[in-house]
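The block underneath contains the structure these notes are about, expressed in structure tokens.
The values are calculated or read from the model by the stated rules, or taken from the named source; none is laboratory data. It should be emphasised that the depicted structure is a prediction, and the values quoted were computed from it without experimental measurement. Neighbour counts are summed over all protein chains in view; Cβ atoms, including those assigned to glycine, are modelled from backbone coordinates with ideal geometry.
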Amino acid sequence: MIDPASLPPAAQAAALIGVVLLEAMVLYVGYGAAEQAIGDKLIERIKNT
Amino acid sequence: MSLALLALFVGFGLLIGVLFGFFGMGGSFLVTPALLVMGYPSRVAVGSGLAFVFGTSVIATLKHRDLGQVDYKLGVLMIAGTTAGIEVGKEIVLHLEELGMAGSIISVTYVVLLGGIGVFVTYEALKGGDDDDGGVDHDAADAEIDGDDIPDIARTIQSYRVPPMMTLRGGVQVSLWMILGVAFATGLLSGFLGVGGGFIRMPALFYLIGVPVPVAVGTDLFEIVFSGGLGSFLYAMDGGVDLSIVLPLLAGSALGARVGSAATSIVDEGEIKVYFGLMLLGGAVAVAVREIGNVYDIGVFDTVSLVLILGSALLVSGAVVYSSITALRSEAGSSSTIAD
């Protein structure tokens, strides 16, 4: 197991930015799937209320 | 981290996400002052703000790409010109610091520029408001832009046909040198003022180069992915990025950015410009109040400034959501009338 604290600062910084990028991609895909599933129903509901 | 703080960050992220997705700006402009007032050290406030902007811009750019609103060729040229401009802007700041004049000149320039662009954008949008026919056809992102929709300054810039000429989204033709010149100028201001520059770049892409507003927003976001990524990497090397701040903010903004990006295809283009202008005016007043507080050493002005920034952000993002709902309902009303 690699100890993150033992990595050089540039590698630690890259890992941090990688975590942010990974979360962004997961959220993009996750919210995208949610939009596909309920987006049209939600828009129809807004139109009809 | 308490549950209340977690909810606060997610909610704050949602608000910023709507603005970011809609305007292609507003991230660090809002997050960094809020974190400073909450008591985080400057390094963490700026670094975490940049990391958050990076994550949000990735999501918003992907969404705008889905809508065909990112011009990659223009984005790459803008990155090249902006980078050179930022370097020159930084050198000017260092020179002014040696003369002991940096602080006051930067503050005055910031307020004048923010307020000036705000007044200009609002005035132009209100002047041409009646000509807009509402919404933007995203299915035809590469279709020829109507000549009447191109601002006068952009038309003049497009008339300088110095080869090589570039064809951009919307059928816009501009000289490569004009694009690099505009990119350099926006980068210079960005480096001089020490800001991300979305509020300068987005209007510059529309008013100076003449690309349609949604493409200006999408391309601006594409550029922020790179500037935000590099900036947050540099701060992360000095321990300036706190994931306990960034991750919940991003969870909220990812949803908000979807709402904001989708709203650009529903809300009237003229309304986008009015909201953008009003938000810049709110920001200009907030920065002016903060600077007056600093000069006369009045601590409460910092809080007043933050309330003004958050208030205008809340008001404008609320107006974006409200206009989207109203547009959807009127669309439903008109289609049912046609059906009748």
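Here's the yes/no breakdown for (1) more than 10 Å from chain A (Cβ to nearest Cβ); (2) over 23 Å from B:G21 (Cα atoms); (3) buried (at least 23 other Cβ atoms within 10 Å of the Cβ); (4) at pLDDT 85 or above:
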position: B:I245; (1), (2), (3), (4): yes, no, yes, yes
position: B:L278; (1), (2), (3), (4): yes, no, no, no
position: B:I298; (1), (2), (3), (4): yes, yes, no, no
position: B:V321; (1), (2), (3), (4): yes, no, no, yes
position: B:G333; (1), (2), (3), (4): no, yes, no, no
position: B:D340; (1), (2), (3), (4): yes, yes, no, no
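Is it true that some residue in the range B:211-219 is at pLDDT 85 or above, surrounded by fewer than 24 Cβ atoms within 10 Å (Cβ to Cβ) and part of a helix (DSSP H, G or I)?
There is no residue in the range B:211-219 that is at pLDDT 85 or above, surrounded by fewer than 24 Cβ atoms within 10 Å (Cβ to Cβ) and part of a helix (DSSP H, G or I).
Going by what's in this entry, would B:G228 be described as under 11 Å from the mean Cα position of the chain (by Cα) and not aliphatic (A, V, I, L, M)?
Considered against the rule, which asks whether it is under 11 Å from the mean Cα position of the chain (by Cα) and not aliphatic (A, V, I, L, M), B:G228 comes out as no.
Can you say whether B:S253 is crowded, with 22+ Cβ neighbours inside 10 Å, modelled with pLDDT of 80 or more, within 12 Å of chain A (Cβ to nearest Cβ) and within 22 Å of B:P214 (Cα to Cα), as far as the supplied structure shows?
Spelling it out, B:S253 is indeed crowded, with 22+ Cβ neighbours inside 10 Å, modelled with pLDDT of 80 or more, within 12 Å of chain A (Cβ to nearest Cβ) and within 22 Å of B:P214 (Cα to Cα).
Any residue in the range A:16-36 that is loosely packed, with under 10 Cβ neighbours inside 10 Å, more than 9 Å from chain B (Cβ to nearest Cβ) and closer than 30 Å to B:G333 by Cβ?
Checked against the condition, which is being loosely packed, with under 10 Cβ neighbours inside 10 Å, more than 9 Å from chain B (Cβ to nearest Cβ) and closer than 30 Å to B:G333 by Cβ, the range A:16-36 yields at least one hit.
Starting from the range B:226-251, keep only residues that are over 14 Å from B:T56 (Cβ atoms), then list their pairs with residues that are part of a loop (DSSP other than H, G, I, E, B) whose Cβ atoms are within a distance under 7 Å, requiring at least 6 positions of separation or different chains.
B:Y235/B:V241; B:S244/B:M1
Restricting to the range B:263-276, name every residue that is within 16 Å of the chain's Cα centre (by Cα) and part of a helix (DSSP H, G or I).
Those that are within 16 Å of the chain's Cα centre (by Cα) and part of a helix (DSSP H, G or I): B:A263, B:E269, B:E271, B:I272, B:K273, B:V274, B:Y275, B:F276.
Being at the interface with another protein chain (Cβ under 9 Å from one of its Cβ atoms) and buried (at least 24 other Cβ atoms within 10 Å of the Cβ) is the filter; apply it to the range B:58-72 and report the residue that is modelled with the lowest pLDDT.
Across the range B:58-72, the extreme among qualifying residues is B:K63.
Go through (1) of a type outside the set (D, E, K, R); (2) out of contact with any Asp or Glu (no Cβ under 8 Å at 6 or more places or on another chain); (3) facing chain A (nearest Cβ under 10 Å); (4) in a helix (DSSP H, G or I) one by one and return the number of the condition B:G240 breaks.
Result: B:G240 fails condition (4) only.
Listed here are the residues, each with its yes/no results for (1) under 30 Å from B:I325 (Cα atoms); (2) at pLDDT 90 or above.
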| site | (1), (2) |
| --- | --- |
| A:P8 | no, no |
| A:A14 | no, yes |
| A:L21 | no, yes |
| A:A24 | yes, yes |
| A:G30 | yes, yes |
| A:Q36 | yes, no |
| A:L42 | yes, no |
| A:N48 | yes, no |
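Quick check on B:L193: is it within 14 Å of chain A (Cβ to nearest Cβ) and at pLDDT below 85?
Considered against the rule, which asks whether it is within 14 Å of chain A (Cβ to nearest Cβ) and at pLDDT below 85, B:L193 comes out as no.
If B:F226 meets every condition in (1) away from chain A (no Cβ under 14 Å); (2) surrounded by fewer than 19 Cβ atoms within 10 Å (Cβ to Cβ); (3) closer than 17 Å to B:A60 by Cα; (4) not basic (K, R) apart from one, which number is that one?
(1)
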